[in-house]
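Below: one structure, written as structure tokens.
The values are calculated or read from the model by the stated rules, or taken from the named source; none is laboratory data. Keep in mind the model is a prediction, meaning the values are calculated, not measured. We place every Cβ from the backbone using ideal geometry, glycine too, and count neighbours over all the protein chains shown.
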There are 2 protein chains.
Amino acid sequence: MRWAVLLAGGSGTRFWPLSTPENPKQLLPLAGNGSTAEEAVERLTGLIPRERVLVVTGLALADRMRDRLKLPAANILVEPRAASTGPALIWATAEVAARDPDAEVLSLHADWAVGDATAFRRTAETALETARRFDRLVTVGVVPSRPETGYGYIVPGAALDAVSRTVARFSEKPDAATALDLMAAGALWNSGLFAWTAARLLAETKIHTPEVAPHLARLVEHDVAGFFAAVTPVSIDVGLLERSGAVAVVPGAFAWDDIGTWQALSRVRPKDPFGNVIVGSAVLHESQDCVVWADRDTVVLSGVEDLVVVQANGRILVMPTERASAMKTLLDALPPAVREVHG
Amino acid sequence: MRWAVLLAGGSGTRFWPLSTPENPKQLLPLAGNGSTAEEAVERLTGLIPRERVLVVTGLALADRMRDRLKLPAANILVEPRAASTGPALIWATAEVAARDPDAEVLSLHADWAVGDATAFRRTAETALETARRFDRLVTVGVVPSRPETGYGYIVPGAALDAVSRTVARFSEKPDAATALDLMAAGALWNSGLFAWTAARLLAETKIHTPEVAPHLARLVEHDVAGFFAAVTPVSIDVGLLERSGAVAVVPGAFAWDDIGTWQALSRVRPKDPFGNVIVGSAVLHESQDCVVWADRDTVVLSGVEDLVVVQANGRILVMPTERASAMKTLLDALPPAVREVHG
């Protein structure tokens with residue numbers, strides 16, 4: 001049967017002051033009316049039922065995830081510690097295998113905006129079929145819409161069938177010139193949407209991932225804490241996909257965004273005729289290309305451009321959109337009492 | 001005896017969204033910890049006692065003015081309608097004359113920031129003495145600190161004594177080049193700080209101010225409503241001072257500002273080393289020459305300059321400081337439900 005593993009850990013700071021430890025990015029309605037995590041589960045409707053959706057998250061968010069995503073308690077996998085995507089996905093896949101040894105697994109993240117859910121499902125289905133037919137670890141490569149330097153790229157290799165290709169190589173976060181070259185050469189964004197059979201994933205792990213493989217026995221003994229204490233954190237890309245020869249790529253032609261910064265809202269939300277994105281109550285007068293999020297007051301902008309203006313959780317943030325990607329620098333400069341937000 | 005008349009009517013919009021019909025500019029702590037109206041009365045300490053300070057204001061503000069300024073109820077003069085400064089000051093002076101026929105009157109506004117209260121009092125005293133000695137209507141001319149185009153200028157004429165001069169002419173709101181010329185020629189700002197004897201003011205009115213003079217009899221009959229219904233609105237400058245020959249100017253060498261816009265706060269309040277003025281809770285990171293007023297949340301600015309950021313009464317305003325003088329244009333563009341604030 002088909003299962004999904006939704007990675008929903010972490011509590012990033014890129015959406016400060018809206019995101020908080022209690023309501024991190026994946027629980028915020030960044031792209032639409034529901035949170036990105038809720039939308040991620042909804043998006044699987046017709047492909048994978050809720051009872052076969054597992055969520056990997058942290059202890060602080062476990063109850064909230066279960067409630068918000070309307071999932072069985074047994075489907076919430078609580079990571080004892082954050083150890084990157086490798087251990088999380090290998091553990092979740094082992095968990096699926098324990099319930100369903102012949103399972104196919106679709107792996108995705110809880111913080112994406114996807115423009116076309118139908119195309120997404122069709123691509124995910126193709127990825128699952130490819131994973132089964134060719135017994136490979138499949139990564140979905142999203143057709144790039146811009147030479148983004150913040151993403152990883154996949155350079156496809158030989159054709160496996162009409163849509164699937166082997167992977168020639170991965171290129172992580174290229175510089176701007178390289179990103180343009182990659183895009184021109186038909187490289188695809190490494191979205192983090194993966195498909196594999198549980199059996200193949202675990203077999204490949206044993207061959208290629210010494211950071212994790214020696215500790216798999218702990219999972220058989222239901223010693224999740226011991227497993228996480230023993231593994232070396234490593235991403236699934238670096239720890240497995242880039243090492244394994246049994247990899248394939250399926251192209252995905254849907255709008256996809258990991259909503260990495262406040263500025264990303266201007267890609268994933270409708271804009272007014274002047275390029276402004278407004279969430280909450282706001283009037284923009286002779287202003288353009290701004291991102292406004294107001295959780296309480298009415299924001300009035302006049303004569304400004306390229307600004308992010310956010311009111312959330314007792315803070316009001318105003319900065320040029322170009323600074324949205326340097327949020328950590330700003331937060332490091334703030335007094336703790338100002339930086340720490342809850343809500 | 002010396003009396004003061006404080007003009008404290010009006011509910012301007014230049015400090016939107018902080019100023020409201022209930023709390024207009026003169027009741028806001030724009031320049032310091034107290035409201036400008038409270039500071040105006042405090043500033044007279046030692047020169048004119050509270051029991052001889054009259055306040056001209058509107059019905060909506062009368063109770064609040066009395067409470068905030070700690071004045072006897074009889075000292076609050078409620079204008080039946082706003083009719084500019086001419087009728088207001090002539091009425092208030094007539095009211096003073098009824099209580100004290102030989103009175104000297106100092107006339108001032110409730111929305112000023114004054115940098116040096118001692119110099120202010122000394123100049124006011126000189127103005128009152130000049131008004132008595134030369135039996136003239138005296139206007140205090142503030143020594144300009146910049147070629148401001150928003151103020152009126154006074155060109156002094158012949159010397160009356162060591163400090164007092166006649167007035168050669170008035171120049172209202174000159175263009176930038178003319179303002180520079182005026183400043184270079186020793187012209188002074190027409191501050192609105194006036195001194196006269198009640199008798200001379202009323203005598204000059206009868207000669208020069210047909211908009212008001214025919215209706216003075218109404219005041220003798222205590223028919224203030226009839227007086228205001230009958231007069232033609234006119235400023236004291238246009239309606240009397242610019243017409244009368246019995247005028248003098250006394251220079252005032254103190255920092256004076258009528259706090260006309262949000263931008264003015266950067267002149268009347270202390271700035272941080274980067275030229276920012278902050279009222280309320282705010283952290284400014286790599287930002288300069290901004291004016292921040294926060295009534296509830298903590299404002300965080302990063303990488304911006306020359307911005308006004310105001311949170312007040314359920315609104316958050318963000319605009320370049322240069323737009324602060326065009327507030328009316330902005331407010332006209334706002335939906336009434338957004339424009340109307342109370343607090």
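Can you name every residue in the stretch A:303-337 that is more than 8 Å from chain B (Cβ to nearest Cβ), closer than 12 Å to B:Ser302 by Cβ and touching a Cys at 6+ places or on another chain (Cβ under 9 Å)? Selection gives A:Val308, A:Thr321. Go through the stretch B:238-256 and give me each residue that's surrounded by fewer than 22 Cβ atoms within 10 Å (Cβ to Cβ) and of a type outside the set (A, V, I, L, M, F, W, C). Residues satisfying the conditions are B:Glu242, B:Arg243, B:Ser244, B:Gly245, B:Pro251.
Consider only pairs whose beta carbons are under 8 Å apart and that are at least six residues apart or on different chains; among these, list those whose first residue lies in the stretch B:212-235 and is more than 13 Å from B:Glu95 (Cβ to Cβ) and whose second residue is among the hydroxyl-bearing types (Ser, Thr, Tyr). From residues that are more than 13 Å from B:Glu95 (Cβ to Cβ), the pairs are B:Val212/B:Thr205; B:Val212/B:Thr232; B:Ala213/B:Thr205; B:Pro233/B:Ser84; B:Val234/B:Ser84; B:Val234/B:Thr209; B:Ser235/B:Ser84; B:Ser235/B:Thr85. Scanning the stretch B:76-97 for residues that are touching a helix residue (DSSP H, G or I) at 6+ places or on another chain (Cβ under 6 Å) and of a type in the set (S, T, N, Q) yields a total of 2. Answer yes or no as to whether A:Val249 is within 14 Å of chain B (Cβ to nearest Cβ) and assigned to a strand (DSSP E or B). So A:Val249 does not fit the description; no.
Within the stretch B:261-282, is there a residue that is within 9 Å of chain A (Cβ to nearest Cβ) and crowded, with 21+ Cβ neighbours inside 10 Å? Yes. Per this entry, B:Gly152 is counted among residues that are in contact with an Asp or Glu (Cβ under 6 Å, 6 or more places away or on another chain) and either closer than 29 Å to B:Ala264 by Cβ or of a type in the set (Val, Ile, Thr) (or both). Scanning the stretch A:331-340 for residues that are in contact with a strand residue (DSSP E or B) (Cβ under 6 Å, 6 or more places away or on another chain) and in contact (Cβ under 8 Å) with a residue 12 or more places away in the chain turns up just one, A:Val338. Of note, B:Thr298 does not satisfy the criterion of being modelled with pLDDT of 95 or more, closer than 30 Å to B:Asp116 by Cβ and touching a helix residue (DSSP H, G or I) at 6+ places or on another chain (Cβ under 6 Å). B:Ser84 fulfils the conditions (1) touching a Ser or Thr at 6+ places or on another chain (Cβ under 6 Å); (2) surrounded by 24 or more Cβ atoms within 10 Å (Cβ to Cβ) except for a single criterion, (2).
If you filter the stretch A:303-312 down to residues that are under 18 Å from A:Asp289 (Cα atoms) and surrounded by 20 or more Cβ atoms within 10 Å (Cβ to Cβ), you find that the one that is farthest from the chain's Cα centre (by Cα) is A:Val304.
Which one is surrounded by the most Cβ atoms within 10 Å (Cβ to Cβ), of the residues in the stretch B:290-302 that are among the β-branched types (Val, Ile, Thr) and at the interface with another protein chain (Cβ under 7 Å from one of its Cβ atoms)?
Within the stretch B:290-302, the first condition is being among the β-branched types (Val, Ile, Thr), and the residues that meet it are B:291-292, B:298-300.
Narrowing further to those that are at the interface with another protein chain (Cβ under 7 Å from one of its Cβ atoms): B:298-300.
Details: B:Thr298: 21, B:Val299: 25, B:Val300: 27.
The qualifying residue surrounded by the most Cβ atoms within 10 Å (Cβ to Cβ) is B:Val300.
Per the listing A:Ala253, A:Ala248, the residue uniquely modelled with pLDDT under 95 and assigned by TED's automatic domain parsing to the domain that holds A:Val142 is A:Ala253. Within the stretch B:87-118, being surrounded by fewer than 18 Cβ atoms within 10 Å (Cβ to Cβ) and more than 22 Å from B:Ala225 (Cα to Cα) holds for B:Asp100, B:Pro101, B:Asp102, B:Gly115, B:Asp116, B:Ala117, B:Thr118. Each residue in the stretch B:68-110 was checked for being among the aliphatic types (A, V, I, L, M) and under 18 Å from the mean Cα position of the chain (by Cα), and 14 pass.
Within the stretch A:168-206, restricting attention to residues that are of a type in the set (Val, Ile, Thr) and under 21 Å from A:His109 (Cβ atoms), which residue is surrounded by the fewest Cβ atoms within 10 Å (Cβ to Cβ)?
Residues of the stretch A:168-206 that are of a type in the set (Val, Ile, Thr), as a first pass: A:178, A:197, A:205.
Add one more test, that the residue is under 21 Å from A:His109 (Cβ atoms), and what stays is A:197, A:205.
Working: A:Thr197: 23, A:Thr205: 25.
Ranking the candidates gives A:Thr197 first.
Of everything listed in (1) closer than 17 Å to B:Val283 by Cα; (2) surrounded by fewer than 21 Cβ atoms within 10 Å (Cβ to Cβ), the single unmet condition for A:Arg315 is (2).
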